[in-house]
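Each remark here refers to the structure printed beneath this line.
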Amino acid sequence: MPLYEHVFLARQDLSQAQVDALAAQATEIVESNQGKVTKTETWGLKSLAYKIDRNRKAHFVLLNIDASGPVIQELERQTRINEDVIRYMTVRVDAHEEGPSAMMRKQDRERKRRDREEYE
């Protein structure tokens, strides 16, 4: 089956539990249509480059999906309807990245840098 990466941005006023529920809802949509979500990453609340629907920040979530085209169409249709999601993007990839994504590695580097600065 084709491989996809699906990233969505949720409104800034949602709690982390609500964002996790959105990710679980997307996973359930994929799995109910014979697809498989291989990895879910929550990148956290990040600032946006510009305002989107009066939001200056958004919760970012990445899903690695192994599913056919109609499953992705249904996921995007359900995501489009959901008012808590302000943007989404699905990209077909040749292979999923092993281990943490680039965004998670960046957060780890920044965390290590802050820890070093505190000890100096």
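If you check T38, T42 for being of a type outside the set (A, V, I, L, M), loosely packed, with under 13 Cβ neighbours inside 10 Å and within 18 Å of D20 (Cα to Cα), only one passes: T38. Scanning the stretch 52-68 for residues that are exposed (fewer than 15 other Cβ atoms within 10 Å of the Cβ), in contact with a strand residue (DSSP E or B) (Cβ under 9 Å, 6 or more places away or on another chain) and of a type outside the set (D, E) yields one hit, R56.
Please tell me if Q73 is free of Cβ contacts under 8 Å to residues at least 12 places away in the same chain, surrounded by 11 or more Cβ atoms within 10 Å (Cβ to Cβ) and of a type in the set (S, T, N, Q). It is true that Q73 is free of Cβ contacts under 8 Å to residues at least 12 places away in the same chain, surrounded by 11 or more Cβ atoms within 10 Å (Cβ to Cβ) and of a type in the set (S, T, N, Q).
Taking the conditions exactly as written (without any contact (Cβ under 8 Å) to a residue 60 or more places away in the chain and touching a strand residue (DSSP E or B) at 6+ places or on another chain (Cβ under 8 Å)), does L45 satisfy them or not? The answer is yes for L45.
Checking every residue in the stretch 100-110 against the condition of being hydrophobic (A, V, I, L, M, F, W, C), surrounded by 10 or more Cβ atoms within 10 Å (Cβ to Cβ) and more than 14 Å from E5 (Cβ to Cβ) gives zero matches.
Values quoted throughout were computed directly from the atomic coordinates according to the rules given, and no laboratory measurement underlies them. All values derive from a computational prediction rather than experimental measurement. FYI the Cβ positions are ideal-geometry reconstructions off the backbone, even for glycines, and counts take in every protein chain you see.
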